[in-house]
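The next block holds one structure in the form of structure tokens; read it before the comments.
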Amino acid sequence: MKTSMNWLREYTDLRMDDAAFQEGMIRTGTAVERMEPLDGGMQGVVVGRVLNCVAHENSDHLHVCMVDAGQGEPLQIVCGAPNVREGQLVPVALVGSTLPGGQQIKAGKLRGVASYGMLCSATELQVPQELYPSVGAEGLLIFQEEYAPGIDVRRIFRLDDTVVDVEVLANRPDCLSVWGLAREAAAVFNIPFRLPAMDYSQAPGALEDHVRVRVENTELCPRYAGKVITDVRVGPSPLWMRAYLHAAGMRSINNIVDITNFVMLETGHPMHAFDLEQVRGQQIIVRKAKPGEHLTTLDGKKHALAGTELLICDQQGPTGLAGIMGGLESEITEHTKSIFFECAAFDRTNTRISARALGIRTEASGRFERGVSPSTVLEALNRACHLVEQLDAGKVVAGHIDIYPQPLSPVTLHTTAARLAAPTGVAFTTDETENILKRLHFEVVRQGDALTITAPAYRQDIEQEADLCEEVLRLAGYERIPSTLLRGETPPGGDSQSRLRRKRLTGLLTGLGYDEIINFSFFGQKQLDSLNLPAEDPRLKALRIRNPLGEDTALMRTTLMPDMLKVLSLNMNHGNQEARLYEFGTLFDVSTRTQEGLVAERPALSMGCYGNQQDFYSLRDALLTLLSQTGVPFTIQTAQEPFLHPGRSAMILSQDQPIAVLGEVHTDTLEVYDMPERTWIAQVDLEALWAQASPLDRVQDLPRYPAVNRDIALVLPEKQQLQPVMDAIRRAGGKLLEDVQLFDVYRGVQLGESRKSAAFSLTFRAADHTLDEQEIAAAMDKVVRSAKAQFDAEVRS
């Protein structure tokens, strides 16, 4: 939060310099980020009166002026502004002065005529239009009031001030106000704090004749108050108010709007002013939005409402987003004659969710999100009415609206100074504790050593003794905490089982030549749609993020495939000839909930590759290596995934439980991702994999007798899957068959259109003797007969 040091001094006597103020506030827990002079480094610029103005004899646009700048003798200054006239009061930069930005003013000659200074425009002085009206860069800034020549212009523009930028922590929403910071400073430096005047006169009349209010949702709006102002005179605000708003980074609009902004900055209570002539039916209704409703806010943007937002409505529909931004229809204009001042407390959680969902961030929403005390609403409303009378901006109608069905009770705690001191190691006396708490505006009733402490209404962060302990300690001084040696033991750390398992797989994949990639845990609907999944596929039911960074990061991932394809495409289109990649990620399953009611999360692994040395079998072998090294038994069957080639994909199962799916990417999917080369991808369910894994703690003796290899090529029907054939070969080979591997699939004219040849390598070995040819021939004969009987296979000669 930004504010002015002079504004703080309105409520407490801060006589120290800026550095001492910053140090004291930081030392007690208020983070003063920066303190910057408001003048931007301007020095030596004063008020001057143009005594004489004649045209420059050697120029068609320059003027030679004699200016009284309060320096004794008039100064001759050459000026090029088109609006310079004799008798005007203007800013004069004297020789040796500095303009904002660091420009130094020196004496010189313009077209042969000496010039001893510079007449300045508002742009050159960095004085915005809302602070002091001018013609900007088109000409000189001309003072409309009467000032004595020689007066420093910084005093006139109220730039002889310092902007203090404070980072307010989430637990101190009361410090998001000038009063809050002034109270805090007064407590830190042990000086009095004073509130400004809040009294005002009331005009006769019945408030009910102007407006009626109904709050339908008191849970989201625990307090709603308002006042009616008639005979409104909309106009510019006085310079002192414009200057304070300018220091806080806000633009002056008009006196009515400025009052609401001023009170928000001063008290921490956001306010809104409704033009009563635009309130249809003279009725204000506070209710939740209806799905499908629309509202155009003050910034001119039209918003579709989801039905969770809290609205301020009139009889015909929404006129504002409660706690966020008013509607365009009821804004204050120069034609406004009567207004309704709204000051309320809205639920912080709903305000935050609604503001994020609609992409709106305002000063008001920021304060409501932190928490605005319902107990001090009328205080802010009375201050606004006082300012209306002070600025002669209208008449305050007698009475007020105040809907507060469940008033908050003050927080009262019973403790002793010793109990508050115990957690800190600092010995606080009862007198010291009482003094500090009273400086912080707590009510303290003392009975011996016992203290009954009541927190101020605006301190919503005070809930328990620990909060009081912190308050006393920070003002007493953190440096009073005694130094102690570190006690206890530091236990040895260790990796969790999940991290150890991941490290194991990482080592295997790295050894296989794969490189790891890392993506976000969310993706977009377009990426999910690129897989062309059927409508009933559960992966389409992705968890939507309430406040996404963008549409491409709006969903939590239900599959790792889109991100793997995106990264492979990126590498392919940047000229990388080959890639072998893997990623560990988390899948979010909305159909399954944990015991805590949260969406289930499943760890997963994706793999992908392309290049001359890569094919379906290289990816398959990499996957089978992972399974064999983790002790997972498996079978392979055909997979049916729309983003994979129907004849070049497979699913790996263990105990009938799907473990992984792999295959060549379908040509349609390759086209979506702009991938010109054949690509293979896989995804592994790590939870299912580790559930089937067995420890590799059993070893076998090295074989003592040689193995015998035999190759066999079987001609099979084209549609025949090869995994069942391999399983049948293993069964037929019996104990002597040690291993079987598929090493070739051939199709040719001589085989026929509906036939294919699959070549297998069979390894035979006996544990107790060397096999002879007769044993091997018998085993091969069983294999051939089994294949012929089960699959209509023929041995290819």
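The values are calculated or read from the model by the stated rules, or taken from the named source; none is laboratory data. Keep in mind that what you see is a predicted model, and the values were worked out from it rather than measured. All Cβ positions, even for glycine, are placed from backbone atoms using ideal geometry, and neighbour counts span all protein chains on display. Ligands, DNA and RNA are stripped out before the accessible areas are found, and what is left, the full protein with its side chains, is counted by its heavy atoms. Shrake-Rupley method; radii C 1.70, N 1.55, O 1.52, S 1.80 Å.
Would you mind estimating how fast region 303-365 diffuses translationally, via Stokes-Einstein at 25 °C and 0.890 mPa s with the Kirkwood radius over Cα pairs, in µm²/s? Estimated diffusion coefficient is 193 µm²/s. 3J(HN,Hα) couplings calculated from phi for region 701-706 with the Karplus curve 6.51 cos²θ - 1.76 cosθ + 1.60 (θ = phi - 60°) are, in sequence order, 5, 5, x, 9, 10, x Hz; Gly and Pro show x. The mean of 1/r over all distinct Cα pairs in region 263-396, once inverted, gives the Kirkwood hydrodynamic radius of 15.2 Å.
Other residues with beta-carbon under 15 Å from the beta-carbon of A554 carry, at +1 per Lys or Arg and -1 per Asp or Glu, a net charge of +2. Its relative contact order, with pairs defined as Cα atoms under 8 Å and 6+ residues apart, puts the chain at 8 percent.
For K395, the aspartates and glutamates whose Cα comes closer than 14 Å to its Cα, not counting residues fewer than 8 places off in the same chain, are D199, D231. Over all pairs of different C-alpha atoms in region 689-791, the reciprocal of the mean inverse distance, the Kirkwood hydrodynamic radius, equals 15.4 Å. Restricting the GluC sites (Glu not before Pro) of region 167-242 to loop positions (DSSP other than H, G, I, E, B) with no more than 14 neighbouring Cβ atoms within 10 Å leaves E216, E219. Among the trypsin sites (Lys or Arg not before Pro) within region 463-494, those in coil by DSSP and having at most 12 neighbouring Cβ atoms inside 10 Å are R487. Qualifying chymotrypsin sites (Phe, Trp or Tyr not before Pro) in region 472-529, where qualification requires a DSSP coil assignment and no more than 13 other C-beta atoms within 10 Å, comprise F520.
Please work out whether region 489-595 counts as rounded, prolate or oblate from its C-alpha gyration tensor, where a ≥ b ≥ c are the square roots of the eigenvalues and a/c under 1.5 means rounded, while otherwise a/b larger than b/c means prolate and anything else oblate? In terms of gyration-tensor shape, oblate.
Which percent, to the nearest 5, of DSSP beta bridges fully inside the chain are antiparallel? If I count the DSSP bridges inside the chain, around 95 percent turn out antiparallel.
Computed across the chain, the Kirkwood hydrodynamic radius from all distinct Cα-Cα pairs reaches 34.6 Å.
Along region 355-363 the Karplus relation, 6.51 cos²θ - 1.76 cosθ + 1.60 evaluated at θ = phi - 60°, assigns HN-Hα couplings of 4, 5, 4, 8, x, 10, 10, 10, 4 Hz to successive residues, with x for each Gly and Pro. For region 135-234, a/c is not less than 1.5, where a ≥ b ≥ c are the root eigenvalues of the C-alpha gyration tensor, and a/b does not top b/c. That puts it in the oblate class.
A Cβ-based charge dipole, computed about the Cα centre of the chain with Lys and Arg at +1 and Asp and Glu at -1, lands at about 1100 debye. Could you tell me whether region 602-661 comes out rounded, prolate or oblate from its Cα gyration tensor? Rule is a ≥ b ≥ c as square roots of the eigenvalues, rounded for a/c under 1.5, then prolate if a/b exceeds b/c, otherwise oblate. Taking the square roots of the gyration eigenvalues as a ≥ b ≥ c, region 602-661 is oblate. With K and R counted +1 and D and E -1, the other residues having a Cβ less than 12 Å from that of A728 yield a net charge of +4. Computed on region 45-102, with alpha-carbon pairs under 8 angstrom and 6+ residues apart, the relative contact order is 40 percent. Heavy atoms of the protein chains alone define the surface here; on that basis the chain has 50 Å² accessible area per residue at 1.4 Å probe size.
Of the cross-linked pairs K503/K541; K227/K438; K227/K302; K227/K337, those separated by over 22 Å at the C-alpha level are K503/K541; K227/K438; K227/K302. If I model region 393-503 as equal point scatterers sitting on the Cα atoms and use the Debye formula, what is log10 I(q)/I(0) at q = 0.11, 0.14, 0.20 Å⁻¹? Log-scaled intensity ratios, in q order: -0.58, -0.70, -1.03. Across region 490-536, Cα-Cα pairs more than 18 Å apart make up 61 percent of the total. For the chain, carbon and sulfur atoms together expose 49% of the accessible surface, with a 1.4 angstrom probe and every protein chain in place.
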